[in-house]
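Colleague: Attaching a single structure in structure tokens format; questions to follow.
Laboratory data are not the source of any read-out in this text; all were calculated from the coordinates shown. None of the values given here were measured: they were computed from a predicted structure. Neighbour counts run over all protein chains shown; Cβ positions are idealised from the backbone, glycine included.
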Amino acid sequence: MVGKKYETDYLESMNTVIFQECVRYNGLLSVMKVTLAAVQRGLVGEIVMTEELEMISNAMYTNQTPKAWSSVGFLSLKPLASWIVDTNDRVNFLNTWITEGTPIKFWFSGFFFP
């Protein structure tokens, strides 16, 4: 959808930016979705709790961003609760851009690689 609405254009370089940002955030959200479901299933005993799942669970318990997420996510030193709020704000910024059109000002620190 984003690739069709904001096609790569020499005269509109921000189209490339939004497409690349959506690819990166979709990748991050996908990893979060899969790992959260796996941790939940591991905690109730439906699947074996692997070392990676235990590390994710421990990180969440101590309010730290799991390495599995930070390795595919944006650079941040925030604790998990603030990181989640920041992630939601970043995704909402992109959703607003997609639905309402190119903004007149940009939140550069909200990009993966400002």
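Colleague: Please work out if residue 77 is over 21 Å from residue 22 (Cα atoms), among the hydrophobic types (A, V, I, L, M, F, W, C), surrounded by fewer than 17 Cβ atoms within 10 Å (Cβ to Cβ) and under 18 Å from the mean Cα position of the chain (by Cα).
Modeller: Here the answer is yes, as residue 77 does meet what is asked.
Colleague: I've got another one for you. Tell me which residues, restricted to segment 69-114, are assigned to a helix (DSSP H, G or I), touching a residue at least 12 places away in the same chain (Cβ under 8 Å), of a type in the set (Phe, Trp, Tyr) and over 20 Å from residue 37 (Cα atoms).
Modeller: Within segment 69-114, 93, 97 meet the criteria.
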